[in-house]
Amino acid sequence: MVLSVCYSSFLPYLLLFVLLPRQASSISHHHHHHHELKSIHFTLFQHETINKTAYLIVNGVAGAAISQTTTPFGTLYVFQDPLTLKANSNSKIVGTVEGTSITSSSNGLQSISIAKITLKMKHYKGSISVVGGTHNTKPSNHPVVGGTGDFLFIQGYVTSSPVDLSGITVTFKIQFHLYWPPYAIPSHSK
């Protein structure tokens, strides 16, 4: 009994002693590496053409009708779209965006999207994987979940914003906000 009372009164101090140094070191560790991140920021344009680079695979069950900006709830959509340097679809192609979206709102304006962005630019070659929610008529941020080539270990996010939603080809502005942790330097920087 006495042993359990002593042990129970000693345990909080032991936990306090063990946990406090770890918490303090993790906070300083985070701040220590923040200034060492290499980053790049740039913009490209995605051109999606219905029944040429983008296809409706499964029609949804209810909700909005199919249009340039909406699809019924549950619609499965796949795409393999070119990425260009300018909003004009005839400008230089520097990559592709391939992936899938599933309409996740009854108004047909929102979906869950998964995409692999493959880039062949002057200083960077590789792919960036993103996943997240997409709003068809408003800007949407997509977290970066991985990368290959020069984008190995990449972190950050990609913002997709509609530019032109009229006609058979729709255009999106894709803004990249990419960061490399200190242990992952792009190959062209070495």
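Structure values in brief
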{"item": "In the stretch 139-158, the residues that are in contact with a His (Cβ under 6 Å, 6 or more places away or on another chain) and either of a type in the set (Phe, Trp, Tyr) or surrounded by fewer than 18 Cβ atoms within 10 Å (Cβ to Cβ) (or both)", "result": "TYR157"}
{"item": "Close pairs (9 angstrom Cβ cut-off, 6 or more residues apart or separate chains): farther than 16 Å from GLN110 by Cβ in the stretch 74-86, open to solvent by 50 Å² or more (accessible area, probe 1.4 Å) and part of a loop (DSSP other than H, G, I, E, B) anywhere", "result": "PRO82/SER89; THR84/ASN90; THR84/LYS92; LEU85/LYS92; LYS86/LYS92"}
{"item": "Residue pairs meeting the criteria (Cβ under 6 Å; at least 6 apart or on separate chains; first closer than 21 Å to ILE154 by Cβ, in the stretch 107-121; second among the hydroxyl-bearing types (Ser, Thr, Tyr))", "result": "SER113/SER101; SER113/THR134; ILE114/THR100; LYS116/SER127; LYS116/SER129; THR118/THR96; THR118/SER127"}
{"item": "Residue match in the stretch 53-69 (condition: surrounded by fewer than 11 Cβ atoms within 10 Å (Cβ to Cβ), modelled with pLDDT under 75 and not in a helix (DSSP H, G or I))", "result": "yes"}
{"item": "Only one of SER161, SER166 that is small (Gly, Ala, Ser), modelled with pLDDT of 95 or more and surrounded by fewer than 21 Cβ atoms within 10 Å (Cβ to Cβ)", "result": "SER161"}
{"item": "Pair list, Cβ < 7 Å and 6+ apart or interchain, from the stretch 39-50 residues that are open to solvent by less than 50 Å² (accessible area, probe 1.4 Å) to residues that are charged (D, E, K, R)", "result": "PHE45/LYS86; PHE45/LYS173; GLN46/ASP81; HIS47/ASP81; GLU48/ASP81"}
{"item": "GLU36 being under 30 Å from HIS177 (Cα atoms), among the acidic types (Asp, Glu) and at pLDDT below 90", "result": "yes"}
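The values are calculated or read from the model by the stated rules, or taken from the named source; none is laboratory data. Everything quoted here is computed from the prediction, not taken from an experiment. Positions of Cβ are backbone-derived with ideal geometry, glycine not excepted, and every protein chain shown enters the neighbour counts. Protein only, heavy atoms only, side chains kept; ligands, DNA and RNA dropped before computing areas. Shrake-Rupley method; radii C 1.70, N 1.55, O 1.52, S 1.80 Å.
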